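None of the figures in this text is laboratory data; all of them are computed from the coordinates on show. Predicted, not measured: the structure shown is a model, and the values here were computed from it. Note that each Cβ is placed from the backbone with ideal geometry, even for glycine, and that neighbours are counted across all protein chains shown.
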Amino acid sequence: MRVIVLLPGVLREKAGGQGRLVVEVGEPATLGSLLDVLAKEHPALERRLRDEQAGLRRYVNFFVDGEECRRSGGSGTPLREAVEVQIIPSVAGG
């Protein structure tokens with residue numbers, strides 16, 4: 001199944017400079033299985049998205065077709081064909 005991943009500028013360098021990735025994920029596809037594929041293809045990106053226990057990093061937001069996924073299943077959020085997953089790290093400062 002094909003999933004589209006959208007990355008902001010700050011993460012693109014970890015994905016070979018690409019802002020839009022088309023990723024093939026086996027079924028049943030979940031956000032977690034998508035991140036597993038990304039980890040194999042872009043190990044540097046993996047370290048920015050998940051912690052040492054493979055949990056979603058606290059300050060990174062994952063949107064599946066515009067819906068924030070932490071409240072709708074987290075890593076277990078189901079994905080469908082051609083869904084868009086947008087990854088946005090939180091910005092903080094003072």
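Annotations
- Alpha-carbon Debye profile of region 2-89, log10 I(q)/I(0) at 0.17 Å⁻¹: -0.61
- Note on region 2-89: antiparallel DSSP beta bridges, both residues inside, total approximately 80 percent of the bridges counted.
- For the chain, excluding the exposed loop sites themselves (GluC sites (Glu not before Pro), DSSP loop, at most 12 other Cβ atoms within 10 Å), the longest remaining stretch covers 1-51.
- With both labels modelled 7 Å from their Cα along Cα-to-Cβ, the GLN53 to GLU27 distance reads 3.3 nm.
- Distance between region 1-30 and region 32-60 - C-alpha centres, whole angstrom: 11
- Summing +1 for each Lys or Arg and -1 for each Asp or Glu among the other residues whose beta-carbon sits under 10 angstrom from that of ALA29 gives -1.
- In this simple spin-label approximation, GLN18 and ILE88 carry label points 7 Å from Cα along the Cα→Cβ vector, and these lie 2.3 nm apart.
- Label point distance in nm, ARG70-MET1, each placed 7 Å from Cα along Cα→Cβ: 2.4
- Cleavage-rule hits, chymotrypsin sites (Phe, Trp or Tyr not before Pro), region 14-93, DSSP coil, Cβ neighbours within 10 Å at most 16: TYR59
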